[in-house]
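The values are calculated or read from the model by the stated rules, or taken from the named source; none is laboratory data. Just so it is clear, the model here is predicted, and its values are computed rather than measured. No Cβ is skipped: glycine too gets one built from the backbone with ideal geometry, and neighbour counts run over all protein chains shown.
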Amino acid sequence: MKPRLEKLTLEPKYSFILQKDVYSYYPTPWHYHPEYELVLVIKSSGQRTVGDNAERFTDGDLVFLGPNLPHSYQNDPIYYQGNTALRAEAIVIHFREEFLGKDFFNLPEMISVNQLFDRAKFGIKILGNTRQQITDCMQEMLEVSGYRRITHLLHILELLALSEEYQLLVSPGFVEQYIAAGTDPITKVHEYIITNFRKDISLANAAEVANMSVPSFCRSFKACTRKSFSHYLNEVRVGYACKLLLEDKFNISRICYESGFNNMSNFNLQFKKVTGIPPLKYKKLRTESSSYV
């Protein structure tokens with residue numbers, strides 16, 4: 001079965017994704033994405049499939065996956081039977097290699113991390129004391145913000161790079177990379193959104209671009225992005241609004257319309273949903289923080 005391309009979006013205030021997920025069961029189909037992924041299973045059990053490797057996972061399972069490596073987590077059957085006492089919990093980190101700048105990981109000091117990235121294309125299961133150290137660090141990351149999130153992630157990469165407590169998951173013969181060629185329907189919609197988000201884009205427009213019915217498109221888009229189409233579109237628009245706020249070229253009203261919103265009320269509402277704060281406060285906080293650098 002061909003894996004789905006999953007589209008991941010960053011919150012405007014972060015350079016990589018860190019999240020704690022709590023589900024009745026993991027909603028992860030056979031999929032891939034261009035980001036590196038570190039997954040810590042806090043609670044639940046089932047089968048983890050990475051490339052041509054399939055094995056059982058339980059509490060504490062920790063793997064590091066390279067870009068475009070297809071994978072899925074399938075919980076045990078009991079998790080799908082509506083037992084409200086069962087929970088599937090995980091901490092997940094996603095990042096792109098260039099999240100700290102195009103050449104950061106090409107620095108001489110990053111040789112060991114580059115070697116780690118080469119291993120990650122096979123999928124890495126982390127074992128022993130290294131697993132416990134990284135587990136502790138990932139738990140701590142949920143409680144910190146700002147640059148400390150980045151230093152924690154760099155520490156994790158150092159632990160992974162220097163450790164010999166690991167097992168490669170995918171066989172050398174598994175060479176298919178599943179790189180998106182731009183023909184996937186959801187990829188086409190993503191490109192359409194990025195090009196046209198300043199205009200009025202309807203759900204029907206997006207479904208037409210994907211050559212799907214609206215109900216089929218909604219299901220496929222949610223499966224690929226884990227977000228509704230409207231939420232995803234608003235995140236793109238708010239991300240652009242954040243850029244304009246920091247450039248300080250336009251007033252708030254102009255930024256609202258430049259970002260694709262039709263009125264100030266909806267702009268303020270959606271901006272706060274995405275960032276947690278109103279536009280003016282976002283601008284004030286970011287301006288104050290940059291003045292101390």
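Could you grab me the full set of residues in region 8-34 that are assigned to a strand (DSSP E or B), more than 9 Å from the chain's Cα centre (by Cα) and under 21 Å from V144 (Cβ atoms)?
Passing the criteria: K20, D21, V22.
Of all residues in region 35-59, count the ones that are crowded, with 16+ Cβ neighbours inside 10 Å and part of a loop (DSSP other than H, G, I, E, B).
Number satisfying all stated conditions: 4.
Tell me the helices (runs of 4 or more DSSP H) entirely within region 214-293 that contain at least 3 residues that are of a type in the set (S, T, N, Q) and either at pLDDT below 85 or under 17 Å from L10 (Cβ atoms) (or both).
279-291
Go through (1) at pLDDT 90 or above; (2) outside any helix (DSSP H, G or I) one by one and return the number of the condition L160 breaks.
Result: L160 fails condition (2) only.
I'd like to know if region 51-60 contains one or more residues that are within 21 Å of R131 (Cα to Cα), modelled with pLDDT under 90 and of a type outside the set (D, E).
Checking region 51-60: at least one residue is within 21 Å of R131 (Cα to Cα), modelled with pLDDT under 90 and of a type outside the set (D, E).
Quick check on my filter: what residues within region 64-116 are within 25 Å of K7 (Cβ to Cβ), without any contact (Cβ under 8 Å) to a residue 40 or more places away in the chain and of a type in the set (A, V, I, L, M, F, W, C)?
Of everything in region 64-116, those that are within 25 Å of K7 (Cβ to Cβ), without any contact (Cβ under 8 Å) to a residue 40 or more places away in the chain and of a type in the set (A, V, I, L, M, F, W, C) turn out to be F104, F105.
Regarding V63, is this residue touching a strand residue (DSSP E or B) at 6+ places or on another chain (Cβ under 7 Å), of a type outside the set (S, T, N, Q), crowded, with 19+ Cβ neighbours inside 10 Å and not in a loop (DSSP other than H, G, I, E, B)?
Yes; evaluated as a whole, the condition is true for this residue.
Identify all residues within region 66-86 that are within 21 Å of the chain's Cα centre (by Cα) and either part of a loop (DSSP other than H, G, I, E, B) or crowded, with 22+ Cβ neighbours inside 10 Å (or both); write none if there are none.
G66, P67, N68, L69, P70, H71, Y73 - these are the residues of region 66-86 that are within 21 Å of the chain's Cα centre (by Cα) and either part of a loop (DSSP other than H, G, I, E, B) or crowded, with 22+ Cβ neighbours inside 10 Å (or both).
Just to be sure I understand, how many residues within region 94-141 are outside any helix (DSSP H, G or I) and surrounded by 13 or more Cβ atoms within 10 Å (Cβ to Cβ)?
Total satisfying the criteria: 13.
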